[in-house]
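Working notes, beginning with the structure itself.
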Amino acid sequence: MAHQAHSFHMVDPSPWPLFGAIAALLTTSGLTMWFHLNSPYLLMLGLLTTTLVMLQWWRDVVREGTFQGHHTPMVQKGLRYGMILFITSEVFFFLGFFWAFFHSSLTPTPELGGQWPPTGIKPLNPLEVPLLNTAVLLASGITVTWAHHSITEANRKQAIHALTMTILLGLYFTALQTMEYHETPFSIADSVYGSTFFIATGFHGLHVIIGSSFLLICLLRLIKYHFTPNHHFGFEAAAWYWHFVDVIWLFLYMTIYWWGS
Amino acid sequence: QGLKPIVSTESSALVFGTATKVASDLPATDSFLGKNKVPDLQKLFQKTDGLPVHLKRGLPDRLLYRTTMALTIGGTLYCLVALYMASQPRNQ
């Protein structure tokens, strides 16, 4: 049986990159068919295949790391760099929307009544549900750190409790935001105020859902004994992502909700 | 190619115990929410049967792979047909 003379990971041939690219094609052309020709089927197929590829690709990463032992310290270093670079790219993604917000709100045009919030827009009170949302996400940042410490201290039961609380707080945030969206007196079509508000908070909400899903997968893996006190990078990646989501919310709260009212 | 030895000390260490602990040494409280099946899975996925990791579990993997392939390839054909039709001029 051949053994490698290096500590890197030469992956088995895999169909997921190709299928993932095809799924992206189906999703984007599906959007086109939906927007212009009122047909949602290609889009549904695109989203379904994207989900299937994600599930199987990441399932394979877990198999390669936890079951086959390929995630040596060198490999883990690469995974860390990868996650950090990905989160950095997401920071730039949000930076664009913050730029758009400040572009419109720092010099409000005559069409908006020369003021921000524009004439006729009744913004949400930042000291009501948005403040509760801030407390919820800050608390979830604490519970995820508690979970991490529990893992490194080999306290399985406490880790499971803390991670579960983190996920519940994330779901609570999503429920509160959904309710808020229903209650806003303004819509996405209400001038550039509505556009910047709903695009920025909407994408943030999507990232909360993604982060909660990632944490949920980590909870299942934690229960199934995949993590050790010294090796649990999947959990760390999820925790980094969760802290990023929390920080984005803090910026949203301070700029759009508070300063922007 | 380049598989690590059967039981890697890092991966098989139990979350709640030391690296030398083994499943049969567990006190009763440690079966909270299920037993540790990781060592068995490690054996399964390290079998030298030549299968790539995405098919290593046999039938369930094959079914899922074939479903995904059918949907992506079928979807590509549907996509090309739909885009061809959408690009035809509409006569008023």
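Coordinate-derived values only; no laboratory data. Since the structure is predicted, the reported quantities are computational estimates derived from the model, not experimental observations. Cβ atoms come from the backbone with ideal geometry, glycine included; neighbour counts cover every protein chain shown.
Please say if the protein assembly as shown is rounded, prolate or oblate, where rounded means a/c under 1.5 for a ≥ b ≥ c the square roots of the C-alpha gyration tensor eigenvalues, and otherwise the choice is prolate for a/b larger than b/c and oblate otherwise? Here the protein assembly as shown falls in the oblate category.
Beyond a 23 Å Cα-Cα separation, which of these cross-linked pairs lie in this structure: A:LYS157/B:LYS37; A:LYS157/A:LYS224; A:LYS157/B:LYS43; A:LYS224/B:LYS47; A:LYS224/B:LYS43; A:LYS157/B:LYS35? Mind showing how you got there, number by number?
Numbers: A:LYS157/B:LYS37 17 Å; A:LYS157/A:LYS224 12 Å; A:LYS157/B:LYS43 26 Å; A:LYS224/B:LYS47 21 Å; A:LYS224/B:LYS43 16 Å; A:LYS157/B:LYS35 13 Å.
Distance filter (> 23 Å) returns A:LYS157/B:LYS43.
Equivalent ellipsoid semi-axes for segment A:1-118, as square roots of 5 times the alpha carbon gyration tensor eigenvalues: give them largest first, rounded to whole Å. The partial results should precede the final answer.
Details: eigenvalues 349, 123, 16 Å².
Square roots of five times the eigenvalues give 42, 25, 9 Å.
For a quick check: sort A:HIS231, A:HIS6, A:HIS71 by the number of other beta carbons within 10 angstrom, fewest at the front.
Details: A:HIS231 20, A:HIS6 9, A:HIS71 23.
Neighbour counts put them in this order, fewest first: A:HIS6, A:HIS231, A:HIS71.
Dipole of segment A:72-257 computed with +1 at Lys/Arg Cβ and -1 at Asp/Glu Cβ about the Cα centre; of A:PRO108, A:PRO229, A:LEU137, farthest Cα towards the positive end is A:PRO229.
I need the shape label for segment A:8-70. Rule: rounded when a/c is under 1.5, else prolate if a/b > b/c, else oblate, with a, b, c from the alpha carbon gyration tensor. In terms of gyration-tensor shape, prolate. If one puts a single equal scatterer on every Cα of segment A:72-257 and applies the Debye formula without solvent, what log₁₀ I(q)/I(0) results at q = 0.12, 0.15, 0.16, 0.20 Å⁻¹? Each listed q corresponds, in turn, to -0.64, -0.89, -0.97, -1.32.
Mean-square fluctuations from a GNM of chain A, with a 10 angstrom spring cutoff on Cα atoms, peak among A:LEU219, A:LEU169, A:LEU106 at A:LEU106.
Dipole size of chain A about its Cα centre, with +1 on Lys/Arg Cβ and -1 on Asp/Glu Cβ: approximately 660 debye, rounded to the nearest 20.
Taking chain A as a Gaussian network of alpha-carbon nodes connected by springs under 10 Å, the highest mean-square fluctuation of the residues A:PRO73, A:PRO123, A:PRO15 belongs to A:PRO15.
The mean number of Cβ atoms from other chains found within 10 Å of a Cβ in peptide A:219-231 is 5, as a whole number.
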